[in-house]
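Below is one structure, written out as structure tokens, with a few remarks after it.
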Amino acid sequence: MLKIKSLALAVSLIATSSLVPALQADAANYELKKPVYIYVDGKLIDSAQFTKSKDLAYMYEASVELTKGEHKILFADKGKSCDASYSVNSEDGKLKFGTTTPLITCAGNKTFNMKIILPGTYKFSMSIFNESKPSVKVLRATTEGTTFKRQVPVAKCIQYKGGPVTIDVKGQWPNGTMLRDAYTGNVVKVSGGKVKVTPSPVSEGVVLLEKADTVQKPKPFTWDNAVVYFLLTDRFYNGNKNNDHSFGRMNDGKDEIGTFHGGDFQGIIKKLDYLKELGVNAIWITPMVEQAHGYINGGDESHSFPFYAYHGYWAADFTKIDPNYGTEEDLRQLVKECHKRGIRLLVDTVMNHPGYATLADLQDFGVTSVTKNTGELPARWADYKPKGFANWQAYSQFIDYNSNGWMDWWGNKWIRAGFPHHQSPGTDDQNMGVAGLPDFLTESTAKVSLPKFLKNKKDTKAVELKDATVLDYLVSWHTYWVRNFGIDGFRCDTVKHIQAEGWKKLNESASKAFKEWKAEHPSEVIDNNDFFMVGEVWDHGLSKDGLYYNNGFDSLINFDYQRRAFDLAQCLADAEGTYNNYARLINDPKNSDFNALSYISSHDTKLFWGDFKDFALQKRAANALLLLPGQVQIYYGDESARGIMPDGGVSDQAWRSDMNWADLNKPEYKELYQHWSKLNKFRLVHPAVATGTHKMISSKNSPYYAFVRQKGDDKVMVVFVGNQKR
């Protein structure tokens, strides 16, 4: 799911009232009566005076250095005058980061509390657009050159002081057996039921023992042993600069938070050898179909930016590839090149909702009956930019959300939305409008024809289907990509917002199409695995929910593991309970059709690296994740310490920065990548890591933590000798 709860869609497409007008007021209408400063713990900070924003006349900004701990904050002039003193107006007297909070005036000495975890510069933005209802937002400063290093908390854990470690392997391998540490490549001989091993100084205390008498090669792939690399196509690598501005899409010339950055299929193809060397056997790309052509407003009145569908979750035409990503031939080449390298391709798919209708869409699709005052727009509406002191929301003044013309867009037979003659979104999972998006009537049994705008769209491949429901069309459109290109599986978005039977129907259709494609393309077939589907059921944990597993899904994304990821990265010896539980649930022979996809970072939740920016911790996070039973997902940049980007107050945008290719030339970054690669390759040659039984073999008195994973003849021992001294 594209989680955009914090996005200020004051004018979503399902709005039924008139929208915020463009702000053409004179700057003089927005003036603080007196100079206002930030007071910290009773002290006025002279350098922290609120000054007018360069972007918005009604916005005043001030920055201040804050140390770790609790602080009492007040905004006021030097005399704390009644007409120039402000404090937060919230129930708990606290200001939440990234959230616009009302202010009380005539605050006097009434301060509010701020708890600072990460010391550094903080930027406060005060809006006086409505003089009687001022508001404030605080964000950590993201000015170029400003860096923050948050200290990793010290955890109680085994400590490795260096040198060789004697490991008890009695009962696992007989004397005389030659074992190899897969991390270092060093070979040792079992003697007296023990081996003496010197861990790599860069492994963060991990030893990976395997038999050394045979050459270890990757074993036949199964989805149970999947190492999935999830990437945002637009933010990964730009392989073709000629398609960067399809449909007149613009750069904003500032932070480029919500604009297209140029990543495409050709970019992925050019980096497939990188992914092969990393040791992944599947990649998951964000939705690839034609997206909303233009932008909506991102952020809010204090931090506004043009927000395009660079992420792929706001579809306009499900039968076309978005030209920013490439062509059908590019997709065909991507599938072929993936398969040549033993990599499967998962495509993100959305059946719950289409995208918003932007000004660009309404012009391009001829749905002009829902617009107004268009004489004030440029010839190409996609080129519209707000004027004066308006923010990016100003485009909405040209759209009539009360027009009957919305029947010419998707129409009331296809979507529920707050337009005239349409069903209104409900409140439960099945009929709500996710993030204010139009909700497809996938549960409807009514036979429908193509929406009017698609009938008129010259380049669409959508055709009339006989006696088809909305769901029938959506299933047909998504199946097309499997039948014609040999895509190996779907990652399904917003699963709980569609009835389970709908997903079962998609699985049956796609599975049949996959078999047909294989029969017609024998030279391109990578293996004999069936079509694969993994679902995003928001906040679902590690449990076999029959509602989904019995209705088309082979796996679900596991939201639970990320909550444990930091603790296990702090000390791998604490992973025993998690490892034992995962192996018991996932690898139980009675549960052979159950698996889950676990992760530490994603586009919706958080970027693990972003919390501490610590290379040792990032390696330890890899150790814990990649030695986990079940399927694992790597979010692009987990392996390369990709950093966060400015988010404009919409937190999840920070986790969608461009892949940091240039950093991989630096020693620490390269070493981190190699660490992830070694662990991935260990999984590839030993399916037991993901699919075997788990048994802890170290005791309370052992100076290390050790366990064995075994499946048939495949046996490995993992030993954690302790966190390495920094």
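The table below lists the values:
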quantity	calculated
Point-to-point label distance, V525-K670, nm (Cα→Cβ direction, 7 Å offset)	4.2
Label-point separation in nm, K96 to K52, each point 7 Å along Cα→Cβ	3.2
Spin-label model distance (nm) - N660 vs S132, 7 Å beyond Cα toward Cβ	4.9
Nonlocal amide H pairs with S555, under 5 Å, H built at 1.01 Å	M533, G535
Backbone HN-Hα couplings from phi across the stretch 517-530 [Karplus 6.51/-1.76/1.60, Hz, Gly and Pro as x]	4, 4, 5, 8, 10, x, 6, 9, 6, 8, 6, 9, 6, 7
Alpha carbon Rg of the stretch 632-684, scaled by the compact-globule rule 2.2 N^0.38 Å	1.30
Size of charge dipole - the stretch 544-598 - debye, nearest 20, with Cβ of Lys, Arg +1 and Asp, Glu -1, no other charges	60
Residues D713 and R150, FRET efficiency given R0 of 56 Å [Cβ-Cβ distance, rounded to 0.05]	0.80
Percent accessible area from carbon and sulfur atoms, the chain, protein chains only, probe 1.4 Å	49
Förster radius 45 Å - calculated FRET efficiency between D604 and K515 (Cβ-Cβ, nearest 0.05)	0.85
Kirkwood Rh in Å, taken over the stretch 561-643 so that all alpha-carbon pairs contribute	13.2
Measure of compaction for the stretch 524-672 (Cα Rg per 2.2 N^0.38 Å)	1.14
Cut-off under 5 Å, modelled amide H: who pairs with V289 long-range	D322
Net charge of Cβ neighbours under 9 Å - reference A182; Lys, Arg +1; Asp, Glu -1	+1
Percent of Cα-Cα distances greater than 14 Å, calculated over the stretch 179-225	57
Long-range amide H partners of I399 with built H, under 5 Å	K372
Residue-normalised accessible area of the chain, given per residue in Å² at a 1.4 Å probe	40
Phi to ³J(HN,Hα) by Karplus 6.51 cos²θ - 1.76 cosθ + 1.60 over the stretch 282-293, Hz, x for Gly, Pro	7, 10, 10, 10, 5, x, 10, 6, 4, 9, 3, 6
Over the stretch 180-262 - Rg/Rh using Cα atoms and the Kirkwood inverse-distance radius	1.30
Percent of beta bridges antiparallel (DSSP, the chain, rounded to nearest 5)	70
Phi to ³J(HN,Hα) by Karplus 6.51 cos²θ - 1.76 cosθ + 1.60 over the stretch 653-669, Hz, x for Gly, Pro	5, 4, 8, 10, 6, 5, 4, 8, 4, 5, 5, 5, 7, 8, x, 5, 5
Extended-chain gain in nm, criterion 0.36 nm per residue less alpha-carbon gap, T198 and T327	41.3 nm
Any cysteine of the chain lacking a neighbouring Cys Cβ under 4.7 Å - listed by number	C338, C492
Cut-off 13 Å (backbone N to label point 7 Å along Cα→Cβ of S702), residues of the stretch 183-208	194-195, 207-208
Semi-axes of the equivalent ellipsoid for the stretch 615-726, Cα gyration tensor, largest first, Å	31, 16, 14
Two-site FRET efficiency, L44 against S449, from Cβ-Cβ distance with R₀ of 51 Å, rounded to 0.05	0.15
The chain, helix-only ellipticity at 222 nm - DSSP H runs n ≥ 4, -39,500 (n - 2.57), divided by all residues, nearest 500	-5500 deg cm²/dmol
The chain - charge dipole about Cα centre, Lys and Arg +1 at Cβ, Asp and Glu -1, debye rounded to 20	2220
Estimated translational D of the chain in µm²/s (Stokes, Kirkwood radius over Cα pairs; 25 °C; 0.890 mPa s)	88
Listed pairs K666/K725; K219/K619; K372/K455; K336/K452; K68/K606 exceeding 27 Å between Cα atoms	K336/K452
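The values are calculated or read from the model by the stated rules, or taken from the named source; none is laboratory data. All of these numbers come straight from a predicted model, not from anything done at the bench. Because the Cβ atoms are built from the backbone with ideal geometry, glycine has one as well, and the counts that use them run over all protein chains shown. When the accessible area is computed, the model is the full protein with side chains, heavy atoms only, and any ligands, DNA or RNA have been set aside. Shrake-Rupley method; radii C 1.70, N 1.55, O 1.52, S 1.80 Å.
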